[in-house]
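In what follows, a single structure is set out as structure tokens and then discussed.
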Amino acid sequence: MQMVAPPDNDVLWARGLHHAHGATVALTGVSLGVREGEILAVTGPRGSGKTTLLKCLSGQLVPTEGEVLFDRAPVHTLSSPSRERLRLERFGWIDTEPHLVPELTVWENTALPLLLRGTGHRAAKHTAIEWLERLDVGMCARRRPARLEQSQRQRVAIARALVSTPQVLFADEPTAPLHSADGIQVLRTLTTAARSHHITVVLATYDPQVAAQADRTVSLLDGRLSGAVPEDTGASDEESRAACSLSV
């Protein structure tokens, strides 16, 4: 595959991603650019490859074929420790289920990314509580996760993802555990915070109401981006296919 430089304003860039889980193909030739500060929704039915795409973009998975660049530097060729460091220092992740540490209090769970980076205890606690209050769970700061409702645990997980002001935030069905109205309210808090802190967001969802909060939407179906139509630029067939995929 010939190396093609990503556009200058793309903070994330992927080309020709293929990945399979055993015999199950998850991604087939996906190419995508994400602009700095953009909120991008990746939509599609369950099983379409959304989670796999987010994990490849964030360095949790290495694609079997293709390349991923962050700030124009390759992610897919990094060692496992380097990818872990990248996720700790530059990325945030919100999962469908809130994976909180049961032995820690809510504020300690929220402050964990800061503490792992070496931020002082007092400063980390102050910032964590600020984010918990923004997400309406400040009153739970001293509780442990077992004492929270599911919706409260998910709000804590979102606060934890935002606490370190990551450069890119990946959110995999972040409102799935929430009731519809509650989910939209939390998502608006998330997107408002992202825009005010200039955080790039890549959001996977099958819910059109959630996707409507994004700046741009792309759709996955059976591991492929759908709806891409190449323009007649006079480029070669291979260049046209790459341009088509990257302009979705």
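The values are calculated or read from the model by the stated rules, or taken from the named source; none is laboratory data. Bear in mind that the values here come from a model prediction, so they are computed numbers and not experimental data. Glycine gets a Cβ as well: all are built from the backbone with ideal geometry, and neighbour counts include every protein chain shown.
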**Q.** Scope the stretch 82-112; condition surrounded by fewer than 21 Cβ atoms within 10 Å (Cβ to Cβ) and assigned to a helix (DSSP H, G or I); matching residues
**A.** SER82, ARG83, GLU84, ARG85, LEU86, ARG87, LEU88, GLU89, ARG90, GLU108, LEU112
Q.
Could you tell me how many of the residues in the stretch 130-140 are surrounded by 19 or more Cβ atoms within 10 Å (Cβ to Cβ) and either assigned to a helix (DSSP H, G or I) or of a type in the set (Gly, Ala, Ser) (or both)?
A. 3
Q.
What pairs come out if I take residues in the stretch 111-130 that are basic (Lys, Arg) and pair them with residues that are part of a helix (DSSP H, G or I) whose C-beta lies under 8 Å away, six or more apart or interchain?
A. ARG117/LEU88; ARG117/GLU89; LYS125/TRP107; LYS125/ALA111
**Q.** Subset of the stretch 5-64 [of a type in the set (Lys, Arg), surrounded by fewer than 21 Cβ atoms within 10 Å (Cβ to Cβ) and not in a loop (DSSP other than H, G, I, E, B)]
**A.** ARG35, LYS55
Q: Could you tell me which numbered condition LEU190 fails, if it satisfies all but one of (1) crowded, with 21+ Cβ neighbours inside 10 Å; (2) out of contact with any Pro (no Cβ under 9 Å at 6 or more places or on another chain)?
A: (2)
Q: From SER151, SER240, SER236, grab the single residue that is among the polar types (S, T, N, Q), modelled with pLDDT under 95 and within 19 Å of ALA14 (Cα to Cα).
A: SER240
Q.
Name the residue that is farthest from the chain's Cα centre (by Cα), counting only residues in the stretch 162-215 that are more than 14 Å from VAL34 (Cβ to Cβ) and among the charged types (D, E, K, R).
A. ASP182
